[in-house]
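The structure appears below as structure tokens.
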């Protein structure tokens, strides 16, 4: 297994940094360009959620990105220590958002582009989004893990 851990400021400019870092790490596996694009979108959504919802766009907080690859499998975790999610099932509903300026499709995108998907959160303590995908396997319609 190969792994990387990155921590970066909760600034919107770092969403693209996270995308590129994950894509570079994923390139060790046999993902297609389309696969890589879907993985980058899922990571973008998870990091954006951490920044916008977890930290209320406070640029002075930290987002943690953990990436693991083994054989043909990739696991990604995006972790924040922000305000957390009170009602995860509600937050996972398409078009639901605590911010009226957002579309509320982040979790839907993450689920559709990854094979496995899990959100754990504690109000006041933060959120952990864990998602994984096997190279050569479409990530369509992941069922949230409990």
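The values are calculated or read from the model by the stated rules, or taken from the named source; none is laboratory data. This structure is a prediction, so every number in the text was calculated from the model and none was measured. Counting neighbours? That spans all protein chains shown, and the Cβs are built from the backbone with ideal geometry, glycine included.
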Check your understanding: What residue, among those in the range 81-117 that are closer than 13 Å to residue 48 by Cβ and exposed (fewer than 14 other Cβ atoms within 10 Å of the Cβ), is modelled with the highest pLDDT?
Key -> 101
Practice item. Considering (1) in contact (Cβ under 8 Å) with a residue 40 or more places away in the chain; (2) surrounded by fewer than 16 Cβ atoms within 10 Å (Cβ to Cβ), say which one residue 78 fails and leave the rest. Key: (2)
Check your understanding: For the range 2-19, does any single residue satisfy the condition of being surrounded by 16 or more Cβ atoms within 10 Å (Cβ to Cβ), closer than 20 Å to residue 122 by Cβ, without any contact (Cβ under 8 Å) to a residue 40 or more places away in the chain and in contact with a strand residue (DSSP E or B) (Cβ under 8 Å, 6 or more places away or on another chain)?
Key -> no
Study note, to complete from the structure: Condition set closer than 21 Å to residue 128 by Cβ and touching a strand residue (DSSP E or B) at 6+ places or on another chain (Cβ under 7 Å), scope the range 23-48, selection surrounded by the most Cβ atoms within 10 Å (Cβ to Cβ): answer is 46
Practice item. Taking the options 45, 66, 38, name whichever one is in contact with a helix residue (DSSP H, G or I) (Cβ under 7 Å, 6 or more places away or on another chain), touching a residue at least 60 places away in the same chain (Cβ under 8 Å) and closer than 14 Å to residue 127 by Cα. Key: 45
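Going through the range 56-66 one residue at a time, which ones are under 15 Å from the mean Cα position of the chain (by Cα) and either surrounded by fewer than 21 Cβ atoms within 10 Å (Cβ to Cβ) or at pLDDT below 95 (or both)?
Hits for the range 56-66 are 62, 64, 66.
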